[in-house]
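I have placed the structure first, in the form of structure tokens, so that the comments after it can refer back to it.
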């Protein structure tokens, strides 16, 4: 317990100390939430009555992506490059507790993001109406999927390349994930491909929990999401190189 | 390989044993049949030029590399198969540190202390390595020497039985070197088995109880400093008194005939006799000089330095940095 707890606290402290991660994890989602719910840039999808009901679920998905993929991937990538993971290999911490600390850190970060983003969304008039009990499973499955992608990059690429790729994916997934631009506004071919990727699947699943979102929910979204949640960490565990 | 008598087994049990170790990276053979042992309380230096196979050997003992053949044991355990038990009993210092850039000295000491059941007190340890005034500094802001001292502290914080130190004095300023060497000596006195790598002869000469000389992945010599320097004392030098009666150049063949060994003129008035400085040989030399009423300038029959041994065995002075 003690090594795991100390490692988790250390991971959290280092993450929260890092200004860029604060920017990607809190500031950008907050700006997206406020800006796109107040300014009429993107047309409302059919059936939706107010923008915040579309933007809020997308921003929750965006927040999960920033913590689980961007923060975790970049942080772990540099730890690997600088030999931090190699050094830990010669301590009694062990890979199991190391991974458990990483998971705990990501979950705490997502919790903190929700504590900030949900009240702001509610203040902006968000009115979640769906099966709200689905929210936690959706966020957890999303976290697993994005963490798998982040760790796959961290465990196979150089730290700087992981940094560039994670930030690039963050932007592409923001645009293709139905988070800001509803998926039905995209060309059909693009939207069909996007539905098979984790961001749109997560946005759709969150939408099932909150009533509406910019991506279709239902069975397809959940199957895709759970598939990534299982597959991405499995591939990451298989391909991960510690030094 | 220089043959030296085996050290008496007075230091207690063997904690590190390497038997005919071979380590390969693809086609490259980094370690080719290395064997040695280290005991409780012993400080063993793996000495050799860069690329000799020192780090590969140590990293195999730490469980990072799998031997292509041969066996390594740490506290009687296999570093890979018994990894969990081994890491609880060893401390390591890697080249390059491996500490998070943004972590502060106090944080990293407390974190590593939490990995072990009965750690040393982080604050006292910081003072022991001279970092108590840097507790709030991040790893990135430490000097090379400070980083090495922190790494050394982390290697010992879990009260290990065996400590592996890879180039512990690399990048450390002269004052820091004294601190690092003193700490390592203290570990030996406390009964810790220390295996360190170095290409610095002074490190080996000042702190090691035992030196294993490695080059091109093979052991060239293994023994105490005393054994290594004595074993190779196969010649001695002398100079002549400048006010003697003999005119230069000296006829070296004539002296060689008198002492019964080859003599070479090394220049600047120094001559080398290719024989151990046994009393009979020295007597023959001085008798020859007495007949000619020639005084001796100096006679150097002392032990050779470790550097001489190192250069003689590795045969490549360009590779060394003493």
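The values are calculated or read from the model by the stated rules, or taken from the named source; none is laboratory data. Since the structure is predicted, the reported quantities are computational estimates derived from the model, not experimental observations. Neighbour counts run over all protein chains shown; Cβ positions are idealised from the backbone, glycine included.
Below are the figures for this structure:
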read-out: Those strands (runs of 3 or more DSSP E) lying entirely in the stretch B:40-102 with at least 1 residues crowded, with 23+ Cβ neighbours inside 10 Å and at pLDDT below 95; value: B:43-47
read-out: Residue match in the stretch B:85-94 (condition: over 17 Å from residue A:90 (Cα atoms) and either more than 10 Å from chain A (Cβ to nearest Cβ) or in contact with a strand residue (DSSP E or B) (Cβ under 8 Å, 6 or more places away or on another chain) (or both)); value: no
read-out: Among residues of the stretch A:90-117, those that are within 30 Å of residue A:59 (Cβ to Cβ) and surrounded by fewer than 19 Cβ atoms within 10 Å (Cβ to Cβ), counted; value: 11
read-out: Residue check, residue A:87 surrounded by fewer than 22 Cβ atoms within 10 Å (Cβ to Cβ), within 14 Å of chain B (Cβ to nearest Cβ) and without any contact (Cβ under 8 Å) to a residue 40 or more places away in the chain; value: no
read-out: Any hit, the stretch A:222-234, residues being modelled with pLDDT of 95 or more and outside any helix (DSSP H, G or I); value: no
read-out: Hits in the stretch B:95-118 - residues which are touching a residue at least 60 places away in the same chain (Cβ under 8 Å) and within 15 Å of residue A:93 (Cα to Cα); value: none
read-out: Filter pass, residue A:130 being modelled with pLDDT under 95 and over 19 Å from residue A:215 (Cβ atoms); value: no
read-out: Output for the stretch B:252-274, where each listed residue is loosely packed, with under 13 Cβ neighbours inside 10 Å and either within 37 Å of the chain's Cα centre (by Cα) or in a loop (DSSP other than H, G, I, E, B) (or both); value: B:260, B:266, B:267, B:268
read-out: Condition met for residue B:65 (under 19 Å from residue B:187 (Cβ atoms), touching a strand residue (DSSP E or B) at 6+ places or on another chain (Cβ under 8 Å) and within 14 Å of chain A (Cβ to nearest Cβ)); value: no
read-out: Residue in the stretch A:45-56 that is free of Cβ contacts under 8 Å to residues at least 24 places away in the same chain, surrounded by fewer than 20 Cβ atoms within 10 Å (Cβ to Cβ) and within 19 Å of the chain's Cα centre (by Cα) present; value: no
read-out: Pairs, first more than 11 Å from chain B (Cβ to nearest Cβ) and touching a residue at least 40 places away in the same chain (Cβ under 8 Å) in the stretch A:92-104, second part of a helix (DSSP H, G or I) and surrounded by 15 or more Cβ atoms within 10 Å (Cβ to Cβ), C-beta under 6 Å, six or more apart; value: A:100/A:4; A:104/A:8
read-out: Looking only at the stretch B:73-84, and only at residues there that are within 23 Å of the chain's Cα centre (by Cα) and more than 15 Å from residue B:159 (Cβ to Cβ), the one that is farthest from the other protein chains (Cβ to nearest Cβ); value: B:73
read-out: Residue check, residue A:6 within 11 Å of chain B (Cβ to nearest Cβ), within 27 Å of residue A:84 (Cα to Cα) and either crowded, with 17+ Cβ neighbours inside 10 Å or within 19 Å of the chain's Cα centre (by Cα) (or both); value: yes
read-out: Unmet criterion (only one of (1) under 12 Å from the mean Cα position of the chain (by Cα); (2) at pLDDT 95 or above) for residue B:205; value: (2)
read-out: In the stretch A:65-83, residue nearest to the other protein chains (Cβ to nearest Cβ) [restricted to those that are in a helix (DSSP H, G or I) and surrounded by fewer than 21 Cβ atoms within 10 Å (Cβ to Cβ)]; value: A:78
read-out: Qualifying residue in the stretch A:13-23 (condition: over 26 Å from residue A:217 (Cβ atoms) and more than 14 Å from chain B (Cβ to nearest Cβ)); value: yes
